[in-house]
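What follows draws every value from the coordinates through simple rules; no lab data is involved. Treat the numbers as computed from the prediction; the structure is a model and nothing was measured. Cβ atoms come from the backbone with ideal geometry, glycine included; neighbour counts cover every protein chain shown.
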Amino acid sequence: MVDVREAAKVLAQARRVVVFTGAGISAESGVPTFRDALTGLWERYDPQALATPQAFEDDPDLVWGWYEWRRTVISGVRPNPGHEAVATVEARAPRCAVVTQNVDDLHERAGSAAPLHLHGSLFAPRCASCARPAPLTGGAEPAEGRRLAPPRCEHCSGPVRPGVVWFGEALPEPVLEAAVQEATECDVLLTIGTSGLVYPAAEIPKVAAMFGATVIQVNPQPTPLDAVAGINLHGAAATVLPALVTAAWG
Ligand code: OAD
């Protein structure tokens, strides 16, 4: 509790805040993380077979079906008090940027205005050939393990792919640039529910620390970001974040 009070004081005094989130913030909504033992997606699935451009080329139905299943899971859950607390930080801090590695839309649904999606979004498919945005389709009911043929692009008939960043692909440049800029200029960076293992995203808290911001981490487990976190709040996002926001602003 002492740490929550200390973090709340720093947060309430900040002029510019960056909230940096990973899969852990959505865990309590029922969205699996990637690397948590037993429940993490990369514990059960091979990322090389599902999350690379080569995987989509080799087996588009497998990859499209898997991402459509994940989109269905996310559409069926709700933001949790952690996402809501982030929206409160955004409303109360004089300036706040939300930077997320998540491809879900739970920050938006909790009221965050325009989160920067470093790894893209499940809700923004695009053509794999001409890169033009494609509409979200209904069609066959996705289910875990069910293959689905990707729709065809209405402009060039190329296969439509999920609008997410795959291993080996570059992050969307304007989004990354905006996130780095915010990190260099913030007073406080709140890192929530990320293992801090995936680069370049994991640079964001490090950049903030390097430029003098106080890094506050919320995570039940130790992570490599412990090294830059001035304050470590060990616990689950949906419990710790509402307590932090209440302590900061009442
Ligand atoms: P990870 O699965 O690597 O890490 C999830 C983190 O959340 C871990 O550190 C957990 O301890 C923590 N965690 C679990 N439950 C939590 C809770 N209730 N509250 C707070 N924290 C909790 O997920 P990310 O760090 O987001 O990339 O993974 C980064 C990237 O790797 C993802 O964006 C994805 C993946 O491959 C792409 O899709 C490109």
Expected vector for the range 109-116, Karplus 3J(HN,Hα) from phi with 6.51, -1.76, 1.60 and θ = phi - 60°, integer Hz, x for Gly and Pro, equals 5, 7, x, 5, 6, 8, x, 7
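Share of antiparallel DSSP beta bridges in the range 129-250, in percent to the nearest 5?
Here the share of antiparallel DSSP bridges comes out near 10 percent.
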Residue-span extension gain [L38 to S129] - 0.36 nm each, minus C-alpha spacing: 29.1 nm
If you line up the long axis of helix 2-13 against the longest principal axis of the chain, both from Cα atoms, how many degrees apart are they, to the nearest 10? 80
Distance in nm between label sites at Q221 and R146, each 7 Å beyond Cα in the beta-carbon direction? 3.1
Step through the residues of the range 48-57 one at a time and calculate ³J(HN,Hα) from phi using the Karplus curve (6.51 cos²θ - 1.76 cosθ + 1.60, θ = phi - 60°), rounding each to whole Hz and writing x for Gly and Pro. 5, 8, 10, 10, 9, x, 5, 4, 5, 5
Among bridges DSSP assigns within the chain, what percent are antiparallel (round to 5)? 20
Give, in nm to one decimal, the length gained when the segment between A178 and R95 is fully stretched (0.36 nm per residue of separation minus the Cα-Cα distance). 28.5 nm
Dipole in debye (nearest 20) - the range 97-165, about Cα centre, beta carbon charges: Lys, Arg +1; Asp, Glu -1: 280
What is the sum of charges around R78, taking Lys and Arg as +1, Asp and Glu as -1, for the other residues whose C-beta is under 14 Å from the C-beta of R78? -4
Considering the range 1-125, what Rg and Dmax in Å follow from its alpha-carbon atoms? 16.6, 53
Amide proton proximity set for R16, modelled H, under 5 Å, gap of 5+: D187, V188
How many angstrom lie between the Cα centre of the range 117-134 and the Cα centre of the range 206-250? 31
Treating only the Cβ atoms of Lys and Arg (+1) and Asp and Glu (-1) as charged, compute the dipole magnitude of the range 6-48 about its Cα centre; round to the nearest 20 debye. 340
Obtain the radius of gyration and the Kirkwood radius of the chain from its C-alpha atoms and give Rg over Rh. 0.98
Amide hydrogen neighbours beyond the local backbone of L233, cut-off 5 Å, H modeled: Q217, V218, N219
Only helical DSSP H runs with n ≥ 4 go in: add -39500 (n - 2.57) per run for the chain, normalise by residue count and round the 222 nm mean residue ellipticity to 500 deg cm²/dmol. -11000 deg cm²/dmol
Ordered by residue, what ³J(HN,Hα) values in Hz, to whole numbers, does the range 91-99 give under the Karplus form 6.51 cos²θ - 1.76 cosθ + 1.60, where θ = phi - 60° and Gly and Pro are x? 6, 8, 6, x, 9, 8, 10, 9, 10
Non-local residues with an amide H under 5 Å from the amide H of C127, with H modelled 1.01 Å from N and Pro and chain starts lacking one, are R132, A134, R161
Counting Lys and Arg as +1 and Asp and Glu as -1, what is the net charge of the other residues whose Cβ lies under 15 Å from the Cβ of C130? +3
